[in-house]
Amino acid sequence: MTTKTREKAQISPLLALVPLWLFWGFNFVVMKKANDFFAPSFFAAMRFSLGALILLAVAFIRKSPLPPKHLWPWIILTGVMQIAFCNVAIHICLKQLGSGLVAVLTYTLPIWVAILAKCFLNESLTLQKIAGIVISITGIGILMNVELSSNIWAILLGVSVAVIWAVSSIIMKAKLMVCDMMALTAWQMTAAAVSLIGYTLVTGSFDAEWSALSIGCIAYNGVLASAVAFLLWCYVLTHMEAGKAAVSVLAVPAVGVLSGCLCYGEPLSLPMGLGMVLIIGGIVLVQRAKAPQ
């Protein structure tokens, strides 16, 4: 297969975003149910261990080349930061803050990515991009019906999730895009799984209630929300500007809210509909932004 043929065979990053939105968005429902069965850190450790095993097996079957030795510290660092830290921090925040506020704090991601990408990747930061980011994040605030909190340390921890995720994305874009995507994602998730297992052993949080439904929650998270979704995220980040990729994932909370309406009968109000429109409008605005000539 020639280089041109391979390029034509590649999936558009915009098309890759659709299953990413679905897998991560519907996971709001799955995670809510999983909290009835498992301690958060134990569930996260099982989730990413399963995801890592699947990706490592596929990488072995595909004979994916190992990343260069000098990149391993960056792979481990981004795995622990983007996957392990962010997951544990979100669970801690959810115990102290409303889920809407946690979602908004976490999905301030595009702000930090846009700033860092301008500084370290020389990506343009146009007025159109800024407007799109502001519109989308405003939409999330309306969609999630945010209630303010005076728990400052929890708010700062929530913001740190967005910052750490942004830093990891910039490191990946700057350092790790030369790696085979399957191998990169597999070893990042392995690093996250090992760190989460260690965290769970230290905290002793092994509470679990086993049933067909609880095992299904682990299966969904391990296969779709972890192995497949993080591979898709890596693909999108490889083929799209970091700033545009970060704004694009803002559709995830909208899918999460719709999933809650369908699965739990949660009401869908007019303001929530307005929030979804603003999110999509902001994403379109950023995706259509062109670099200044």
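What follows draws every value from the coordinates through simple rules; no lab data is involved. Just so it is clear, the structure is predicted and the values come from calculations on it, not from any experiment. Glycine also receives a Cβ, built like all others from the backbone with ideal geometry; neighbour counts cover every protein chain displayed.
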As a test of understanding, state the convex hull volume per residue of region 21-287 from its alpha carbons, in Å³. 127
Report Rg/Rh for region 73-223, rounded to two decimals, where Rg is the Cα radius of gyration and Rh the Kirkwood radius. 1.00
Among Gly204, Val249, Ile140, the residue whose Cα sits farthest towards the positive end of the charge dipole of the chain (+1 at Cβ of Lys and Arg, -1 at Cβ of Asp and Glu, taken about the Cα centre) is Val249
Between region 29-103 and region 200-224, how many Å separate their Cα centres? 13
When Trp112, Trp165 are arranged by how many other beta-carbons sit within 10 Å of their Cβ, fewest first, they go Trp112, Trp165
So if the hydrodynamic radius of region 1-123 is defined as the Kirkwood radius over C-alpha pairs, what does Stokes-Einstein give as its diffusion coefficient at 10 °C and 1.306 mPa s, in µm² per second? 89
Report the normalised scattering of region 122-178 as log10 I(q)/I(0) at q = 0.27, 0.30 Å⁻¹, calculated by the Debye formula with identical scatterers on the alpha carbons. -1.10, -1.10
Exposure proxy order (Cβ contacts within 10 Å, fewest to most) of Arg62, Arg47: Arg62, Arg47
Could you give me the percent of Cα pairs per 5 Å distance bin for region 215-293, shortest bin first, beginning at zero and ending with the bin that holds the maximum distance? 3, 13, 16, 19, 18, 15, 11, 3, 1, 1, 0
As a footprinting exposure proxy, order Tyr235, Tyr264, Tyr199, Tyr107 by other Cβ within 10 Å, with the fewest listed first. Tyr264, Tyr199, Tyr235, Tyr107
What one gets for region 168-249 as the Kirkwood radius, inverse of mean 1/r over different Cα pairs in Å, is 14.6
Qualifying trypsin sites (Lys or Arg not before Pro) for region 191-293 [loop in DSSP, other Cβ within 10 Å: at most 12]: Arg288, Lys290
Hey, in the GNM for the chain with a 10 angstrom Cα cutoff, which one of Ala154, Ala131, Ala59 fluctuates hardest? Ala131
